[in-house]
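Data first, discussion second: the structure below is written as structure tokens.
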Amino acid sequence: MTQEERDEQLINGAFQQLLNDYLASRHRKKVDLITKAFNFARQAHKGVRRLSGEPYIMHPIAVAQIACSEIGLGSTSICSALLHDVVEDTDYTVEDIENIFGPKIAQIVDGLTKISGGIFGEQASAQAENFKKLLLTMSEDIRVILIKICDRLHNMRTLDSQPANKQYKIAGETLYIYAPLANRLGLYKVKSELENLSFRFEHPDEYASISKKLEVTQKSREKLFAEFTAPIRSSLDAMGIQYEIKQRVKTPYSIWNKMQNKHVSFNEIYDILAVRIIFTPRQRDEEVNECFNIYVAISKIYKSHPDRLRDWLNHPKANGYQALHVTLMSKTGQWIEVQIRSDHMDEVAEQGFAAHWKYKDGIEEEFAEDDNENELNDWLRTIKEILDDPQPDAMDFLDTIKLNLFASEIFVFTPKGEIKTMPAGCTALDFAFSIHTFLGSHCIGAKVNHKLVPLSHKLNSGDQVEILTSKSQHVSAAWINFVSTAKAKAKIQAILRRDNRETQKEGEEILAGFLMRNEMENTTATADKLAELHGYEKRNDFFVALGEKSIQLGDKDIDELTGRRDEGKTGWRKYVPFVGKKKKEEQPKEDLFIVPEKFNRKKPVYITDDNIGQYKFVGCCHPIPGDDALGYINKKNQIEIHKRNCPVAAKLKTSFGNRILDIKWDMHRKLFFDATIRLGGIDRVGLLNEVTQVISSQMNVNIHTVSITCEEGIFDGSIELRVHDREDVQKIMDNLKSVADLKEISEIM
């Protein structure tokens, strides 16, 4: 069989599978249209191959397959998925698509083309523009973002063929943007897989380790599941309920995330197993009551946790999720979460908003509104409001949107008893801005449950909130520190920027006058240099400080700009500003490696004992040899080293993906690095001595500093050590587990 014949067989087999899955769905059977789109895309991409070596058309078929089988979309979406790369990668135009397939498919393909190639370009501003396009197009037709998520999921599934630096970029933006978007749209399965795949590529060793542990503990989990559910099954059978019980096991990413956040080991995570009861209601309009009937029945078998009942039935999540969550004490002494939901609720939980469209007359083609889609439209309206006054800084814009993508939800009431869904952790000021910008910008306080509280008061589910205003109140910069919703943050920043424009303009005039008096040219390079000297990263912040008169320009600034030397001294003057933000300590610039123009960014950069001083180790995450690390080429073409799970690196991967490098360690235990271990436990005589014995005597590790506090017999402290690499830290932590009464051991990043 020739390669061409093998390709034909592969392509035809994949397309036939797509058709079979489509025909098995509830959608209208528009097989001719889908076949027409397939043949058109196949011809357009003829002769082109992916990096993996397979024919390019296999990618659009796979994206359409995900849209059909995993998200449950219909013919319009399937055709759009098949055609999604045609306009970008071939000579065909959107007009051609419209003439052949009609305006709706053309509109979706156009939306997908605008945001193609990953959201993010070389420049952050381009990335922000593309992200805005994505959100604006999404608000016109939600199918654009759904297909984009399908596209990203297939790219993640086939990421092995990409070089490591590209893997970190794509995995980073997936975790930062696409997984939260999938979550917000209720695509739980897709969200989990996107997270898991990102984790696998960024931290392959941890992924493999957790996967192995899940495999090893599988039998004991299955035994626990069988024993726990046996009496539940008997009870449900006696009630005559049609049901199935599934076990849900936490994903490796979810487990790792909890290990990081809670500073615990794999063995200390107790909610790896959860149980789902999925039933078919006798009457569709009685499914909420039937959920509660099941809850009453199982709580007679096992004691329920009083503080962990979650009612998402009467108050569905903003992404449409409905279920009743209860945590029960098993006979083995473990708390196990049980999720009770109907078959329809289960489908919505797995497929999000897409599942609602499947139950409509006219199915996917019509977009009639229901309550759940109203929730979605409310969210899209919030995004549109933010887009009306977009952030000038791409990172701020991204963060503002991202605030609400993953937020948990609470329910609060207005004085008239109307219910509002708000993100958990929101304040009275967030609530004020959610109702109206005027209310938020003139808010002086609130009454929560009829008690007076400040703007920064955090709201809880069930609170009744009345906002108090005053016309004399003005927005303060400090407000940014205690709001948590995207809308409030965006509105406050917009008002502050408006107020700052006048001050900034005044600062620009002060600088222009100062430079004119000293016969110097007024250029952006000069302004940037002075901003840096005064400790400001952004030129506009420097202008505002000048306008506010919080900094003064003088002879020292001229000396720095002209490079004058101090009389009677050798070397250049070092001017340390006494006003403004304190500058970060930097390594001597002459020691740092400068990336040349024709630098191969696909190859890994090896850090050795001899060249380690040429790279910039910034203070956000303190990477040491053995850490999963990446490099970032900064604006000065120096290479910064970050841990791959560093929050700063997450943003860099998302905004500056083309500047990311793969970092490998090639160290030979010659150099020492700082690492800090946190300890907690029950205090007793000689405990600290035993700890230091393990570290200093047994392991011959140098202790740098020790800080211990003790209160009512419980101690908490940290020990800073000098180690060679990550392996040293792990060995020390493992050895400290042998010390009696030491209950908590974790590393401080």
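The values are calculated or read from the model by the stated rules, or taken from the named source; none is laboratory data. Being a predicted model, the structure only gives us computed values, none of them experimental. Positions of Cβ are backbone-derived with ideal geometry, glycine not excepted, and every protein chain shown enters the neighbour counts. Please note that ligands, DNA and RNA were not included when accessible areas were found on the heavy atoms of the full protein model with its side chains. Shrake-Rupley method; radii C 1.70, N 1.55, O 1.52, S 1.80 Å.
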Any idea how many residues of segment 300-316 are open to solvent by less than 60 Å² (accessible area, probe 1.4 Å), touching a residue at least 40 places away in the same chain (Cβ under 8 Å) and farther than 21 Å from Glu227 by Cβ? 1
The listed residue being under 34 Å from the mean Cα position of the chain (by Cα) and open to solvent by 30 Å² or more (accessible area, probe 1.4 Å), out of His325, His344: His344
From the residues in segment 420-460 that are among the β-branched types (Val, Ile, Thr) and under 25 Å from the mean Cα position of the chain (by Cα), which one is most open to solvent (accessible area, probe 1.4 Å)? Thr421
Quick one: Gly333 ticks every box in (1) in contact (Cβ under 8 Å) with a residue 40 or more places away in the chain; (2) more than 33 Å from the chain's Cα centre (by Cα) bar one, so which box is it? (1)
Of those in segment 642-672 that are open to solvent by 30 Å² or more (accessible area, probe 1.4 Å) and assigned to a strand (DSSP E or B), the residue farthest from Thr705 (Cα to Cα) is Lys664
For segment 190-263, give me every one of the helices (runs of 4 or more DSSP H) that falls completely inside it and has 3 or more residues that are without any contact (Cβ under 8 Å) to a residue 24 or more places away in the chain and closer than 25 Å to Glu287 by Cβ. 218-239
Flagged in segment 707-749 as over 35 Å from the mean Cα position of the chain (by Cα), in a strand (DSSP E or B), of a type in the set (A, V, I, L, M, F, W, C) and over 17 Å from His263 (Cβ atoms), in numbering order, are Cys710
Picked from segment 461-505 (must be open to solvent by less than 50 Å² (accessible area, probe 1.4 Å) and among the hydroxyl-bearing types (Ser, Thr, Tyr)), the residue farthest from the chain's Cα centre (by Cα) is Ser470
Go through segment 4-62 and report how many residues are of a type in the set (D, E, K, R), open to solvent by 70 Å² or more (accessible area, probe 1.4 Å), within 16 Å of Cys79 (Cα to Cα) and part of a helix (DSSP H, G or I). 2
Is it the case, given these coordinates, that Ser707 is free of Cβ contacts under 8 Å to residues at least 40 places away in the same chain and out of contact with any strand residue (DSSP E or B) (no Cβ under 7 Å at 6 or more places or on another chain)? no
Pairing a residue in segment 437-460 that is closer than 20 Å to Glu409 by Cβ and part of a loop (DSSP other than H, G, I, E, B) with any residue that is among the acidic types (Asp, Glu) and at pLDDT below 90, where Cβ atoms lie under 9 Å and the two sit 6 or more apart in sequence or on different chains, gives Asn449/Asp463
Taking first residues from segment 726-747 that are at positive phi and second residues anywhere that are surrounded by fewer than 18 Cβ atoms within 10 Å (Cβ to Cβ) and outside any loop (DSSP other than H, G, I, E, B), the pairs with Cβ under 8 Å that are 6 or more apart or on different chains are Asp741/Ile682
